[in-house]
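Notes follow the structure.
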Amino acid sequence: MKQAELVRMANQIADFFKAYPQEQAIDSVAQHVVDFWDPRMKADIGTIVAQDNSGLSDLARAGLEKTLS
């Protein structure tokens with residue numbers, strides 16, 4: 001899957017949860033990735049998260065970092 005597509009998907013997930021309290025939103029983004037993304041997607045997004053200018057929203061990045069740690 002292309003990096004741009006993974007970034008778009010992660011940002012859409014974060015947009016869905018952005019109305020939640022911040023910690024709950026971060027946890028929800030992380031849990032969604034754990035529950036629904038396959039291992040290849042998780043591996044690919046890990047390399048994207050490591051980039052400074054990846055296009056990820058702050059909430060998407062925080063949720064993904066929690067998932068990957």
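The values are calculated or read from the model by the stated rules, or taken from the named source; none is laboratory data. What you see is a predicted model; the values in this text were computed from it and never measured. Glycine gets a Cβ as well: all are built from the backbone with ideal geometry, and neighbour counts include every protein chain shown. Surface areas here come from the heavy atoms of the whole protein model, side chains and all, with no ligands, DNA or RNA. Shrake-Rupley method; radii C 1.70, N 1.55, O 1.52, S 1.80 Å.
In table form, for the structure just shown:
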read-out	value
Residue in the stretch 38-47 that is surrounded by fewer than 19 Cβ atoms within 10 Å (Cβ to Cβ), part of a helix (DSSP H, G or I) and among the hydrophobic types (A, V, I, L, M, F, W, C) present	yes
Enumeration of residues in the stretch 57-69 that are at pLDDT below 95 and outside any helix (DSSP H, G or I)	S69
Filtered residues of the stretch 11-37 (kept if open to solvent by less than 60 Å² (accessible area, probe 1.4 Å), free of Cβ contacts under 8 Å to residues at least 40 places away in the same chain and part of a helix (DSSP H, G or I))	A25, S28, V29, A30, H32, V33
Output for the stretch 28-55, where each listed residue is closer than 12 Å to L68 by Cα, at pLDDT 95 or above and not aliphatic (A, V, I, L, M)	Q31
Which numbered condition E5 fails, given (1) modelled with pLDDT of 95 or more; (2) loosely packed, with under 12 Cβ neighbours inside 10 Å; (3) not in a helix (DSSP H, G or I); (4) not basic (K, R)	(3)
Checklist (1) among the polar types (S, T, N, Q); (2) touching a residue at least 24 places away in the same chain (Cβ under 8 Å); (3) assigned to a helix (DSSP H, G or I) applied to S54, failing item	(3)
